[in-house]
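Derivation of every value follows stated rules applied to the coordinates shown; laboratory data play no part. Predicted, not measured: the structure shown is a model, and the values here were computed from it. All Cβ positions, glycine included, derive from the backbone under ideal geometry; neighbour counts span all protein chains shown.
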Amino acid sequence: MSQGSVSVSPPPHPAAFAVQAAAPAAPAAVALRDLAITFALKTGETHRAVEAIDLAVAPGEFVAIVGPTGCGKSTLLNVTAGLLTPSAGTVRIQGDSLSGLNAKAGYLFQADALMPWKTAIDNVAVALEPQGVKRGEALQLAQDWLSRVGLKNFAQRYPHMLSGGQRKRVALAQMLIRDPQILLMDEPFGPLDAQTRQIMGNLLLDLWAANKKAVLFVTHDLEEAIALSDRVVVMSAGPAARIVGDFTITLPRPRDIAEIRTDAAFHAIHKAIWACLRVEVQKTYAQGGEASDHE
Ligand SMILES: Nc1ncnc2c1ncn2[C@@H]1O[C@H](COP(=O)(O)OP(=O)(O)O)[C@@H](O)[C@H]1O
Ligand SMILES: [Mg+2]
């Protein structure tokens, strides 16, 4: 049995006699500090989506965000991507204050963003266009990336000739070919069937292990969150949603995300996090939040 455990915001461990030279710590890949986001509604009213958000993602760390529908998960990713300016608080990317689009981040949404008139290889190669990479080189790199995501022989297919899982693989290659240091993923495997989700989860973990990026991964699926992540962050029900849980996942790696779910340690972790998440999900149901689609 693996030695997984769960800890909630562990207190610092005071070492009585250890005198350690303080190594300069690398700045967090993403640091959201005291963030609040308020939307102006057409009615003239305002809607405070999230507040008092403090969240840091270390370089190479895989963090999942879970929370009830409409609590502000996508809003947090949009702020980190630079698509949305917070009403209060700061966003730092690798130590620098973010202004404008986050050029260090790659973004993967639930919906397909592939261009239907381009082949798989062109959909991947086009991601290098803004960097001015020559077409021949871009096509070569795109073919490499298609191979890495298991689509070596599908380069000339158009998106409508690919399955949902295959389209996701193309989208992953499209994101990773730019070598972003930060991956922002918003329910990326949501529309896929359960088996394909697991295969995609394992593919993502393989790619991540080979070249560790900082990841912020939003999912409504707690099992997926635990299986993939180093940390699972739980958000409260909105409005004015906050972070109410921050769980370190110490399940051993490498993981097979289908197999790890049968592990006793996994169940213990799931139980602990669900106890926290469940309260918030129930609040959202009680408010009728499940009837509206905020995704
Ligand atoms: N552009 C917007 N204008 C007004 N309200 C918004 C806007 N975007 C999101 N919201 C509201 O903010 C809350 C959080 O939305 P969202 O981040 O999409 O939630 P989640 O991704 O957790 O389901 C919801 O109540 C949603 O209706
Ligand atoms: Mg969302």
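Computed values, structure above
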read-out	value
Beta bridge orientation in the chain: antiparallel %, DSSP, nearest 5	55
GluC sites (Glu not before Pro) restricted to DSSP loop in the stretch 39-125 with at most 16 other C-beta within 10 Å	GLU45
Exposed-loop-free span, longest in the chain, where trypsin sites (Lys or Arg not before Pro) count as exposed if DSSP calls them loop and at most 12 other C-beta atoms lie within 10 Å	135-295
Point-to-point label distance, ALA36-HIS160, nm (Cα→Cβ direction, 7 Å offset)	4.9
Vicinal HN-Hα couplings computed from phi for the stretch 267-280 (Karplus, 6.51 cos²θ - 1.76 cosθ + 1.60; Hz; Gly/Pro x)	5, 5, 5, 4, 4, 5, 6, 5, 4, 7, 5, 4, 4, 6
Gap separating the Cα centres of the stretch 69-138 and the stretch 143-172, nearest whole Å	20
In the stretch 108-170, chymotrypsin sites (Phe, Trp or Tyr not before Pro) in a DSSP loop with at most 11 other beta-carbon atoms within 10 Å	TRP117
Estimated D of the stretch 188-295 in µm² per second, where Rh is the Kirkwood radius over Cα pairs and Stokes-Einstein applies at 25 °C, 0.890 mPa s	163
Relative contact order, percent, the chain [alpha-carbon distance under 8 Å, six or more residues apart]	28
For the stretch 105-119, Karplus couplings with θ = phi - 60° (6.51, -1.76, 1.60), whole Hz, Gly/Pro x	10, x, 10, 10, 9, 5, 6, 5, 10, 6, 8, x, 8, 10, 5
In nm, spacing of pseudo-spin labels at VAL244 and ASP206 (7 Å Cα→C-beta vector)	3.8
Built amide H within the under 5 Å cut-off of GLY89, gap 5+	ALA36
Under the Karplus curve 6.51 cos²θ - 1.76 cosθ + 1.60, θ = phi - 60°, whole-Hz ³J(HN,Hα) for the stretch 37-50, x wherever Gly or Pro sits	10, 10, 9, 8, 9, 4, 6, x, 7, 10, 10, 7, 7, 9
Degrees separating the helix 194-210 axis from the principal Cα axis of the chain, which is the longest one	90
For the stretch 78-164: relative contact order, % (alpha-carbon pairs under 8 angstrom, 6 or more apart)	25
When the convex hull of its Cα atoms is projected in every direction, mean area for the stretch 111-179 (nm²)	4.1
Other-chain or far-sequence residues with amide H under 5 Å of ASP246's (modelled H)	SER9, VAL234
Shape call, the chain: gyration tensor on alpha carbons, a/c limit 1.5	rounded
